[in-house]
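K.L.:
Got a structure here, written out as C-alpha cells. Questions coming.
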Amino acid sequence: MTETTETLYCYNHPTRETSLRCNNCNRPICASCAVRTPTGYRCKECVRERQKTFDTSAWYDYILGFIVAGFLSGVASFLVTMVGSIGYFGWFLIAAGAPTAGVIIAEGVRLITRKRRSRSLFITIAVAVVLGALPIIVLEIFIFDIYGLVFQVIYLILATPVVYTRLSGIQLFR
C-alpha cells in the first residue's frame with residue numbers, strides 16, 4: 001500500500017511547503033509562523049487570541065496604578081536624597097534600598113489593582129516610577145548636587161526593572 005499525502009502550504013505564506021499544523025485551529029503553518037508553546041506549535045493568531053484571556057486590567061487600573069506608583073516612587077526618591085547625604089555608607093544603602101523600594105511599589109500597585117494584569121499596565125507603571133522620581137531629579141539638577149543625581153539614577157536603574165518584573169511575573173530562575 002502506498003500512502004499519498006497532499007502537499008501542505010502555509011496559510012500565511014502560500015509558496016512555502018510545510019508539514020506543521022497549528023494544534024489549535026489545525027491550519028498549516030511554516031516554521032516562521034509557528035510559535036512553540038508547552039502544548040505544541042500554534043499559529044500567531046491562536047497565540048494572540050489566547051493572550052487576550054490573560055489581559056485582565058480595567059481602564060481605571062492604569063490611572064490608579066500610575067498614581068500609586070508615581071507617589072511611592074516620589075517618596076522613595078526623596079528617601080534616596082536623604083541617603084545620599086550619609087556619605088560612603090549611602091552607596092550600600094542605595095544598593096539594598098532601591099530594589100526593596102521597587103518591591104514595595106510593585107506590591108502597592110498589585111494591591112490597588114487587585115492583581116489584574118496587562119503588559120501595557122506594567123509599562124505604564126514603569127513609566128510612573130520614572131516620572132515619580134522626576135521632581136527630585138530636577139531639584140538635584142537645579143542645586144547641582146552630583147552625588148544626589150547619581151544616586152537618583154542608580155535608584156531608577158535598580159527599582160524600575162524590579163517593579164516591572166515583579167508585576168509581570170517574569171522569573172529569571174526556576
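The numbers here are math on the coordinates, done by the rules we state, and not lab data. Just so you know, these numbers come straight off a predicted model, no measurement behind them. Here Cβ is always computed from backbone atoms with ideal geometry, including for glycine, and neighbour counts include all displayed protein chains.
K.L.:
If you stretched the chain out fully between D145 and R117, how much longer would it get, using 0.36 nm times the residue separation minus the C-alpha to C-alpha distance?
P.N.:
6.2 nm
K.L.:
Of all chymotrypsin sites (Phe, Trp or Tyr not before Pro) in the stretch 46-134, which ones are in loop regions per DSSP and have a Cβ with at most 11 other Cβ atoms within 10 Å?
P.N.:
Loop-located and lightly packed - F54.
K.L.:
What does the extension gain come out to for A58 and T37, with contour length at 0.36 nm per residue minus their alpha carbon separation?
P.N.:
Difference between extended and current length: 4.9 nm.
K.L.:
Given +1 on the Cβ of Lys and Arg, -1 on the Cβ of Asp and Glu, and no further charges, what dipole in debye does the chain carry about its Cα centre, rounded to the nearest 20?
P.N.:
600 debye
K.L.:
Give the relative contact order (percent, whole number) for the stretch 8-51; include only Cα pairs under 8 Å separated by 6+ residues.
P.N.:
After rounding, I find 30 percent.
K.L.:
Shape verdict for the chain, please, from the Cα gyration tensor: rounded (a/c under 1.5), prolate (a/b greater than b/c) or oblate.
P.N.:
Prolate shape, in that a/c is at least 1.5 and a/b is the bigger ratio.
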